[in-house]
Amino acid sequence: MRAEIRELSHEGFGIAEAGKRKILVPFTAPGDVVEIRKWHRKKRKLIAHDYEILEYSGERMEPKCPYFGVCGGCLLQHIPYEKQLEFKREKLKDTLGIEMSIVPSPKIYGHRNRIDLVITPQGIGFRRRGTWWDTVDIDGCEVFGEKSGRALKGLREFMEDFKLQPWDLKKAQGFLRYMVLREGKFTGEFMVSLLTDRGSLPEDVEEYFPFADSIYWSINDTKSDVSYGEPVKFWGREFIREELDGVKYLIHPNSFFQTNSYQAVNLVRKVSEFVEGTKVLDLYSGVGTFGVYLAKKGFEVEGVEVNPFAVEMARRNVELNDVEASFKVGEDKEVESLRSYDTVVVDPPRAGLHPKLIKKILKDKPENIVYVSCNPKTLSENLSTLREQYEIVESEAFDMFPHTPHVEVVIQLRLKV
């Protein structure tokens, strides 16, 4: 079929229409004319996998990355950045029914502070889009920065010198599985984390990454294709550090941190602006990204997080910044009384708030809620219930993920009088 792309889906795919049928076409832009030969069904949607762009839209631009179009990472590099922001504003309006401004990312290349590179016989890099078994072999990643190229060069030399076997995804066998790179964008500190199956990693690994402040070796001896495991040994520093607006954070291979440090500064500032009163509950507190920042600003903070390791890291960050704040292990729905806090900050996973927590919020009626969300769809579902008793005071979006359809949202909710 031949069709013109008139708009993008929420996933960032071009929409080709033929009668009542809609087919999603990756890496296209409004105004492109495409010929689609084959498509497949995925989660009740039709997605083209054999197609040709016959006429290119005037809204396109030349992608900076040479692997764009095959790599499973960026999806929108061919669309000018202002158009990306416009697409995200429309997506939020359509999903949430709210018109809000989007704070652009201060940098749109070299902004990611973490990338997970899979190591396979096909190469070292990212998944080829649409596959789990194939890899796009890369020499560097534009969204991470120049140190990615140095780390990849060092890894290839290390593997060649010691004849280390890559992990075969289809056969689920081999040795080296992932290299995870993490960088403190404001501190310049750099971490290389190598994930392997059971075996022995040569001690000379430091010689191949002389620019790294920390090198970790972790093991995943299961069939699960994940980029984290049990740390066995580290060389150099136990942690690297990142700094957001004067607040320091420790980074460990197994700890989560906002992936765009430059934009994370704006995010923590906005959360702080939306907080009211003095006593704050930080739910889904993680390593204390918001909680420690708020404590540094003088708020009385208690954090609750289900992951014990994240709680340990949050406590270390409290000590690092010499602030007063408490973090404990617990589930979101187990907090005794939300009413005793002036503001409740929630930053749930993509699945959104637990239904029991929503019921507890409506029962306890805390005066002020700051909701941070990376998934507008589940945010919309949660808001439809919360708005029975709460009104939206302010909202703002943050482009944490340039060249992707993803967007972060912060909403302040206040109890209705």
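When the test is whether a residue is touching a Ser or Thr at 6+ places or on another chain (Cβ under 7 Å) and more than 23 Å from Phe144 (Cβ to Cβ), Thr28 does not pass it. Across the stretch 210-246, the qualifying residues are those that are of a type in the set (Ser, Thr, Tyr) and not in a loop (DSSP other than H, G, I, E, B), and the one among them that is farthest from Lys185 (Cα to Cα) is Ser218. Restricting Arg182, Arg198, Arg129 to residues that are closer than 21 Å to Ser224 by Cα and in contact with a Pro (Cβ under 8 Å, 6 or more places away or on another chain) narrows the list to Arg129. Scanning the stretch 163-186 for residues that are in contact with a Phe, Trp or Tyr (Cβ under 6 Å, 6 or more places away or on another chain), over 23 Å from Phe239 (Cβ atoms) and not hydrophobic (A, V, I, L, M, F, W, C) yields Gln165, Lys170, Gly174. Does Ile79 fit the bill of being part of a strand (DSSP E or B), under 26 Å from the mean Cα position of the chain (by Cα) and under 17 Å from Pro405 (Cβ atoms)? Spelling it out, it is not the case that Ile79 is part of a strand (DSSP E or B), under 26 Å from the mean Cα position of the chain (by Cα) and under 17 Å from Pro405 (Cβ atoms).
Candidates are the residues of the stretch 229-264 that are among the β-branched types (Val, Ile, Thr) and surrounded by 20 or more Cβ atoms within 10 Å (Cβ to Cβ); the one that is farthest from Met179 (Cα to Cα) is Val247. Would you confirm, using the coordinates I've provided, whether Glu207 is within 24 Å of Ile240 (Cα to Cα) and modelled with pLDDT under 95? It is false that Glu207 is within 24 Å of Ile240 (Cα to Cα) and modelled with pLDDT under 95. Listed by first and then second residue, the pairs linking a residue in the stretch 17-43 that is among the polar types (S, T, N, Q) to a residue that is at pLDDT 90 or above and not in a strand (DSSP E or B), with Cβ atoms under 6 Å apart and 6 or more places separating them unless they lie on different chains, are Thr28/Ile5.
Residue by residue through the stretch 372-386, note down the ones that are more than 17 Å from the chain's Cα centre (by Cα) and touching a residue at least 12 places away in the same chain (Cβ under 8 Å). Correct list: Ser380, Glu381, Asn382, Leu383, Thr385, Leu386.
Per-residue answers, yes or no, for (1) touching a strand residue (DSSP E or B) at 6+ places or on another chain (Cβ under 6 Å); (2) surrounded by 22 or more Cβ atoms within 10 Å (Cβ to Cβ):
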| site | (1), (2) |
| --- | --- |
| Asp364 | no, no |
| Asn375 | no, no |
| Ser384 | no, no |
| Val393 | yes, no |
| Glu396 | yes, no |
| His403 | no, yes |
| Val407 | yes, yes |
| Arg414 | yes, no |
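Taken over the stretch 149-206, the residue count meeting the criterion of being part of a strand (DSSP E or B), open to solvent by 10 Å² or more (accessible area, probe 1.4 Å) and closer than 16 Å to Ile138 by Cβ is 2. Number of residues in the stretch 99-115 that are surrounded by fewer than 16 Cβ atoms within 10 Å (Cβ to Cβ) and either within 22 Å of Phe144 (Cβ to Cβ) or touching a residue at least 12 places away in the same chain (Cβ under 8 Å) (or both): the value is 2. Filtering the stretch 11-46 to residues that are over 22 Å from Glu62 (Cα atoms) and in a loop (DSSP other than H, G, I, E, B) leaves Gly19, Lys20, Lys43, Arg44.
Close contacts from the stretch 59-71, counting a first residue that is under 17 Å from Pro30 (Cβ atoms) and a second that is outside any loop (DSSP other than H, G, I, E, B) and open to solvent by 60 Å² or more (accessible area, probe 1.4 Å), with Cβ to Cβ under 8 Å and a gap of 6+ residues or different chains, come to Glu59/Lys83. The set of residues in the stretch 285-344 being within 13 Å of Val271 (Cβ to Cβ), open to solvent by 30 Å² or more (accessible area, probe 1.4 Å) and touching a strand residue (DSSP E or B) at 6+ places or on another chain (Cβ under 7 Å) consists of Lys296, Phe299.
The values are calculated or read from the model by the stated rules, or taken from the named source; none is laboratory data. Fair warning: this is a prediction, and the values are worked out from it, not measured in the lab. Cβ: placed from backbone, ideal geometry, glycine included. Neighbour counts: every protein chain shown. Please note that ligands, DNA and RNA were not included when accessible areas were found on the heavy atoms of the full protein model with its side chains. Shrake-Rupley method; radii C 1.70, N 1.55, O 1.52, S 1.80 Å.
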